[in-house]
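Novice: What follows is a structure written as structure tokens; I'll ask about it next.
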Amino acid sequence: MTRYVDIPLSGSAFYDLSIALEGNSYIIQFIYNERMALYTMSLFDADKNPIVQGVALVPNYPMFVDYRLPNLTGYFLLINNSTTNTEQYKQYPDQIHKYYQLVYIYEEA
């Protein structure tokens, strides 16, 4: 069975959030990089030990799918809420939460 975990987005240039994924606690950190004109996402364990750092948030691309992560079998997906094909995450970074939804998707036995 496919499971989805909604991950809240914010228009803030830097923020952390604690979240449970597949029964384990993690910290996700978002940083907006003006030079790159996009957000990056980092994943830490509950003790703030880095697991994966600085992955670009890119719409409709399965992020972290190329990594073999302990206790995680799924991937993150940034879904565009509108039907337009513009790069709203670059045009309006402070409103990313209005244009996109971030989910973690995994298979549960």
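Rule-based calculations on the coordinates, nothing more; no lab input. Since this is a predicted model, take the numbers as computed values, not measurements. A quick note on method: Cβ atoms are made from the backbone with ideal geometry, for glycine too, and the neighbour counts reach across all protein chains shown.
Novice: Give me a comma-separated list of calculated 3J(HN,Hα) values for segment 5-14, in order, Karplus coefficients 6.51, -1.76, 1.60 applied at θ = phi - 60°, integers in Hz, x for any Gly or Pro.
Specialist: 10, 6, 10, x, 9, 9, x, 6, 6, 8
Novice: Could you tell me which chymotrypsin sites (Phe, Trp or Tyr not before Pro) in segment 43-109 are loop residues by DSSP with no more than 12 other beta carbons within 10 angstrom of their beta carbon? Please report the intermediate quantities before stating the final value.
Specialist: On the way: sites: Phe44, Phe64, Tyr67, Tyr75, Phe76, Tyr89, Tyr99, Tyr100, Tyr104, Tyr106; in loops: Phe64, Tyr67.
Within segment 43-109, the qualifying chymotrypsin sites (Phe, Trp or Tyr not before Pro) (loop, at most 12 other Cβ atoms within 10 Å) are Tyr67.
Novice: What are the ³J(HN,Hα) values, in whole Hz, obtained from phi via the Karplus relation 6.51 cos²θ - 1.76 cosθ + 1.60 with θ = phi - 60°, for each residue of segment 63-69 in sequence order, with x given for Gly and Pro?
Specialist: So the Karplus estimates, Gly and Pro as x, are 7, 6, 5, 8, 9, 9, 10 Hz.
Novice: Something else: For segment 2-107, what is the convex hull (Cα atoms) projected area averaged across all directions, in square nanometres?
Specialist: 6.5
Novice: Taking amide H positions as placed 1.01 Å from N in the peptide plane, with prolines and chain starts having none, which residues 5 or more places from Leu21, or on another chain, fall under 5 Å of its amide H?
Specialist: For Leu21, whose amide H was placed from the backbone, the distant partners under 5 Å are Tyr26.
Novice: Additional query: Local charge sum around Phe14 (other residues, Cβ-Cβ under 14 Å, Lys/Arg +1, Asp/Glu -1)?
Specialist: -3
Novice: Long-range amide H contacts for Ala56: which residues qualify at under 5 Å (H placed 1.01 Å from N, peptide plane, sequence gap of 5 or more or a different chain)?
Specialist: Close amide H contacts, sequence-distant or interchain: Met41.
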